[in-house]
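The values are calculated or read from the model by the stated rules, or taken from the named source; none is laboratory data. It should be emphasised that the depicted structure is a prediction, and the values quoted were computed from it without experimental measurement. Methodologically, a virtual Cβ is constructed for each residue, glycine included, from the backbone with ideal geometry; neighbour enumeration extends over all protein chains shown. In case anyone asks, the SASA skips ligands and DNA or RNA and just uses the protein heavy atoms, side chains included. Shrake-Rupley method; radii C 1.70, N 1.55, O 1.52, S 1.80 Å.
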Amino acid sequence: MEQKRISELSEIARKVRIGVVDAVYSAASGHPGGSLSSADILTYLYFEEMNIDPAAPDMADRDRLVLSKGHASPVLYSALANRGYFPVEELKTFRKADSRLQGHPDLKKVPGVDMTTGSLGQGVSAACGMALAAKLDGSSRRVYAVMGDGESEEGQVWEAAMFAAHYKLDNLCFVLDWNGLQIDGAIDDVIGPAPFDTKFAAFGWNVLTADAHDFASLDAAFAAAREQSGKPTVIIAKSVKGRGVSFMENQASWHGKAPNAAEYETAIKDLQA
Amino acid sequence: MADMIATRDAYGKALVEFGAKYDNLVVLDADLAAATKTEMFKKAYPDRFFDCGIAENNMIGVASGLALSGKIPFASSFAMFAAGRSFEQVRNSVGYPGTNVKIGATHGGITVGEDGATHQCLEDFALMRTIPGMTVICPADAGEARLAVQAAIEYNGPVYLRFGRMAVPALYDDTYAFSIGKGSRLVEGNDVSLIANGVEVEQALVAAELLKADGIHASVVNMATIKPLDREMVLEEAKRCGCIVTCEEHSVIGGLGAAVCEFLSETMPTPVLRVGTNDCYGRSGSAKVLLSLFGLDAAAICEKAKAAIQMKK
Ligand SMILES: Cc1ncc(C[n+]2csc(CCOP(=O)(O)OP(=O)(O)O)c2C)c(N)n1
Ligand SMILES: [Mg+2]
C-alpha cells in the first residue's frame, strides 16, 4: 500500500474518531473505548475494501458489513457519515429520542447499516447467512463481521464458526478486535477466551493476524483473506481500546462512559494533534 | 384411519411443493430433519437445505442473514428449542429488524407424548406473541398446515408456525380458504363459543357433539392465527354466545386464551374459561392419555363449557 494512501486513510480515521467522540459526548452516553479500537478497521473497510455505494445503500450486490459488537455503533455511524451515507452533523443526535441513530445499530433506520445488532454473539450468525446467500446467488459479494474479543465468550460465536467452516464460506471474513478488555476488566481475568488463533484454526478457519492501527498491516491481511479459497477467514487484529484519546487508552473504565466537558476538550485536542 | 396426518408431515410436504414454485425458498434445520419432516425438502432440493447442527441460536441468525439477502428461509426445530432456547435470537435478530424469516416449529404441546416435559413446549405462543410484528399460527389439520405454509411464504415478515407430532383427522376439504389473522367457524351455535387451535379444534368438535345431548348448542371456531388475533370474530362470538371457552395445547398463561381475555376485557367483558395446561410441566405418556390427564380432552372442554354458561348473567 502506498504511503500516500496510508496518509489519506489515517486522516479519514482521525475524522472518524472525532465523530465518535462528538457522538458520545453529545449523547452523554455510549461506548467510546471499543469504538476507537475499531476505528481504523472500519475506516479501512468502508474507504478501501468494500464494494459499496453511499448513493445506493441497498444495492443488491454490495459487500456487507455486520458490526457484531453493536455497542461500537458510534464508529459505525461515524464511518458511514464520513463516507457520505448521511450528514456528519447528524452524529450529534446520537441516542436522542428523535434521532434515527439508536444506541445500537438498527438496519431499518439508518442507511448503510446491514444488520441490527447489540446483543453480542448474534451478528456473526447473520453474517454467515449473508455469505451463504451470496454463494447461492453465485455472487462475488463479500461479507465482513467485526466482533469483540469479549464477544467471543458467547457460545453462538462458535456455533457460527462451525457453520461457516462447514459450508466453506470463503467469502466471509470476521475481524476480531483484540483489545484485551471487556466490561468487567481484562479478558484474561474475566474468563480467558484466548487464544483465538488456535481456536479458530481448530474450527477450520483461515487465521490471519494484523495490527488494527496500521493500514499497511490491515491491507495485507484483507488482501490475503480475498485470496483464501475453501475456508472463511478471521483477522485477529491486535488493538488498543480507546486508541487515539490519551486518557481512554487501555482503560476498561472507558468502555461505556461519556467524557465530561473538560475530558471532551482533551479528547478533541488529542485527535487534532 | 386413512386420513390421519400430523401437521408436521403436511409441513414437510408443503415445503417440497412450494419449493418448486419459489426458488428462493431455503430450509434450515438443527439436526432434527427426520422429526420435523424437513428431510423431505432436503431430498427434493439438497442444494437449498442447510443443516446447522445442534445450534439453534446460530440457525436463527443465519436465517436472518439469508432473508436480508432475498431468500425466504424456513428455520426448523422443535418448538422448545426454536421458540424457547432461541427466544432472544428471534426477538433481536428476526423480530426487531423485521426480517422475512419463517420459523417452522414442530412438536409443540403436550401431544409430543413419550419424550416428556423437556420436549413438550407449552410456552411458545406466549413467547412468540410478545414479540412485536411476529405472526403466530398453529394449524389444526394437514390441509390448513399446507395453506399456512403458503400464506407464510406469500407474507413478507416474520412468522412463527407451530406444527404437531400427533396425527390428526382432516377437518377441511379443498374449498377451505385460509388467511392469516382470520378465524374459521366450523359449527354454528349460540350457547357457548369454543375457540380453539391446533389439536384442540378436534377436541372442541367432539365436545360440541357431546354438549348437544344436554341441549347445549356450542359454536366452534378454529383460531389458527393467535397473532394477529381475529378480533372481529372474537367479538362476534362474545356478543352472540355470551360466554367463551378457549382451548389450546399450551399453558393457560400467555397463549390463545390469554389473547382472547386481553382483548375482551378491554372491549366487551365476557366470561371466558381457558382450557390449557394449568401452569405446570408435562410428562411422559401417550398423546391421547396426556390430553385427558392434563384436562385438554373433549370431556374437559364440556365441563368448562357448562361452567362458562353458568357464569352468564
Ligand atoms: C448478549 C450480551 N450480553 C451482554 C452485553 C453487554 N455488553 C455490552 S459490551 C460488552 C463487553 C464487550 O466486550 P468486547 O466484545 O471485548 O467489546 P470491545 O472491547 O471491543 O468494546 C458487554 C458485556 C451485550 N451487549 N450483549
Ligand atoms: Mg474487547
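Observations, loosely collected:
- Sole exception among (1) more than 8 Å from every other protein chain (Cβ to nearest Cβ); (2) open to solvent by 30 Å² or more (accessible area, probe 1.4 Å); (3) not β-branched (V, I, T) for A:D137, by number: (1)
- One residue stands out among those in segment A:148-175 that are more than 9 Å from chain B (Cβ to nearest Cβ) and more than 18 Å from the chain's Cα centre (by Cα): the one that is nearest to ligand 2 (Cβ to nearest atom), which is A:A164.
- Of all residues making up segment A:119-133, the number that are at the interface with another protein chain (Cβ under 7 Å from one of its Cβ atoms) and either surrounded by fewer than 24 Cβ atoms within 10 Å (Cβ to Cβ) or free of Cβ contacts under 8 Å to residues at least 60 places away in the same chain (or both): 7
- For segment B:76-93, the candidate set comprises residues that are part of a helix (DSSP H, G or I) and at the interface with chain A (Cβ under 10 Å from one of its Cβ atoms); within that set, the residue that is surrounded by the most Cβ atoms within 10 Å (Cβ to Cβ) is B:S93.
- Residue within segment A:176-186 that is of a type in the set (A, V, I, L, M, F, W, C), more than 16 Å from ligand 2 (Cβ to nearest atom) and not in a helix (DSSP H, G or I) present: no
- The residue list A:A127, A:A72, A:A145 contains one member that is in a helix (DSSP H, G or I), under 27 Å from A:V21 (Cβ atoms), within 16 Å of ligand 1 (Cβ to nearest atom) and under 14 Å from the mean Cα position of the chain (by Cα), which is A:A72.
- Test: residue in segment A:132-140 that is at negative phi, away from ligand 1 (no atom under 16 Å from the Cβ) and in contact with an Asp or Glu (Cβ under 7 Å, 6 or more places away or on another chain): yes
- Looking across segment B:270-293 at every residue that is under 21 Å from B:A218 (Cβ atoms) and outside any helix (DSSP H, G or I), the one that is most open to solvent (accessible area, probe 1.4 Å) is identified as B:R274.
- Where a residue in segment B:64-75 is facing another protein chain (nearest Cβ under 8 Å) and its partner, wherever it lies, is open to solvent by 10 Å² or more (accessible area, probe 1.4 Å) and among the acidic types (D, E), with Cβ under 8 Å and at least six apart: B:L68/A:D114; B:S69/A:D137; B:G70/A:D137
- In the set (1) surrounded by fewer than 24 Cβ atoms within 10 Å (Cβ to Cβ); (2) outside any loop (DSSP other than H, G, I, E, B); (3) touching a Lys or Arg at 6+ places or on another chain (Cβ under 7 Å), the condition left unmet by B:K43 is number (3).
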